[in-house]
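Before any comments, here is the structure.
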Amino acid sequence: MQRWRGYQAAPGGWGRSVVTIGVFDGVHKGHQATIGHAVKRAKDLGVQSVVLTFDPHPAEVVRAGSHPAVLTEPERKAELIEALGVDVLCVVPFTPDFSRLPAEEFVHDVLVEHLHAAVVVVGDNFRFGHRAAGDVALLERLGRTFGFAVDPAPLVSDDGTVFSSTYIRSSVDAGDVTAATAALGRPHRLEGVVVRGDQRGRELGFPTANLLCHRYAAVPADGIYAGWLVRQPTRAGQPAPPRLAAAVSIGTNPTFSGQERRVEAYALDFDGDLYGERVALDFVARLRETRRYATIEPLIAQMNEDVAQTRRLLG
């Protein structure tokens, strides 16, 4: 898959393409259906498929301070999109100037002049251009003018719930990682760098990896979770180390009157040093809420039970 920074990176002699547009945060089942439809249309027409997305999130530029929680960081999102068979990922820097581009100019400059769109795949609620003035009806009218078709993106739902990034964020925020998995088609992933904490887990016999996450990361609700700790290769070209079963604690450690909210993972059957590594946590199930214990002994007993339950769930 080619990766372009900005639509102006389209090479000279670039032919026609099928383009789908969106933030695609999470690359959930709905996104997968939309992108998959674009890839199939491109193959049927014998042209290139292009996913057009934006960085940073448009909401943060249009309304400062409104940046939503991020389900997938840029590199992870690119990997997931590439796995769907896309030919080109075009990431447009979403600047204040770009946000003021009128809808008609967006279509002419981006879709027609640079990407040479033959087909544009979007959802029914797609909006574009300055102040989101453009809608699908306008896109279709401009398509008739400039010679491209507009295909509706299929909706994906389960029991009447339409999968969307907003729905998944709300599930993660409530700690319902099972619902998030159903909508994503895979466990929700949280990434971060392992940093030193208070070393209290080590003192209790459960040394934990303390994750420093991105400021906008979609962190699940406080609680104890079963999941997988995924490590990266130590050198380019090397295979990734095997993933590790992990019991994950999110919260402020109320037993010790903690104030700082933390994400800490106890990797089962692992004896090593993860400090400084960038790792990911794939959340499989929520085991329980966080609790405050009057003494250490019942806390340790509960932690042993959490580890045993994690083993049972992850096999």
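The values are calculated or read from the model by the stated rules, or taken from the named source; none is laboratory data. Predicted model only: the values in this text are computed from it and were never measured. Cβ placement follows ideal geometry from the backbone for every residue including glycine, while neighbour counts extend to all protein chains displayed.
Tell me, yes or no, whether segment 216-227 has at least one residue that is assigned by TED's automatic domain parsing to the domain that holds Val122 and acidic (Asp, Glu).
Looking for residues that are assigned by TED's automatic domain parsing to the domain that holds Val122 and acidic (Asp, Glu), one finds none in segment 216-227, hence no.
For Val23, are the conditions met, namely being within 13 Å of the chain's Cα centre (by Cα) and either part of a helix (DSSP H, G or I) or within 26 Å of Thr161 (Cα to Cα) (or both)?
When the stated conditions are applied, Val23 passes them.
Can you find a residue that is free of Cβ contacts under 8 Å to residues at least 40 places away in the same chain and touching a helix residue (DSSP H, G or I) at 6+ places or on another chain (Cβ under 9 Å) anywhere in segment 71-78?
no
Here are some residues: Gly36, Gly12. Which one is outside any loop (DSSP other than H, G, I, E, B) and either touching a residue at least 24 places away in the same chain (Cβ under 8 Å) or over 24 Å from Ser164 (Cα atoms) (or both)?
Exactly one of Gly36, Gly12 is outside any loop (DSSP other than H, G, I, E, B) and either touching a residue at least 24 places away in the same chain (Cβ under 8 Å) or over 24 Å from Ser164 (Cα atoms) (or both), namely Gly36.
So which residues in segment 95-132 are outside any helix (DSSP H, G or I) and more than 27 Å from the chain's Cα centre (by Cα), if there are any at all?
Hits for segment 95-132 are Pro102, His116, Ala118.
Given the criteria closer than 23 Å to Asp124 by Cβ, surrounded by 21 or more Cβ atoms within 10 Å (Cβ to Cβ) and either in contact with a helix residue (DSSP H, G or I) (Cβ under 9 Å, 6 or more places away or on another chain) or of a type in the set (Gly, Ala, Ser) (or both), does Ala38 qualify?
For Ala38, the condition - closer than 23 Å to Asp124 by Cβ, surrounded by 21 or more Cβ atoms within 10 Å (Cβ to Cβ) and either in contact with a helix residue (DSSP H, G or I) (Cβ under 9 Å, 6 or more places away or on another chain) or of a type in the set (Gly, Ala, Ser) (or both) - is met.
Look through segment 189-240, keep the residues that are among the charged types (D, E, K, R) and within 17 Å of the chain's Cα centre (by Cα), and return whichever of them is surrounded by the fewest Cβ atoms within 10 Å (Cβ to Cβ).
Arg215
Could you check segment 250-272 and list, in sequence order, the residues that are charged (D, E, K, R) and out of contact with any strand residue (DSSP E or B) (no Cβ under 9 Å at 6 or more places or on another chain)?
Glu260, Asp271
Report the residue count in segment 222-278 for those that are touching a residue at least 12 places away in the same chain (Cβ under 8 Å) and of a type in the set (Asp, Glu).
The number of residues fulfilling the criteria is 4.
Looking at (1) within 17 Å of Glu140 (Cβ to Cβ); (2) out of contact with any Leu (no Cβ under 7 Å at 6 or more places or on another chain); (3) small (Gly, Ala, Ser), find the lone condition where Ala103 falls short.
Single failed check for Ala103: (2).
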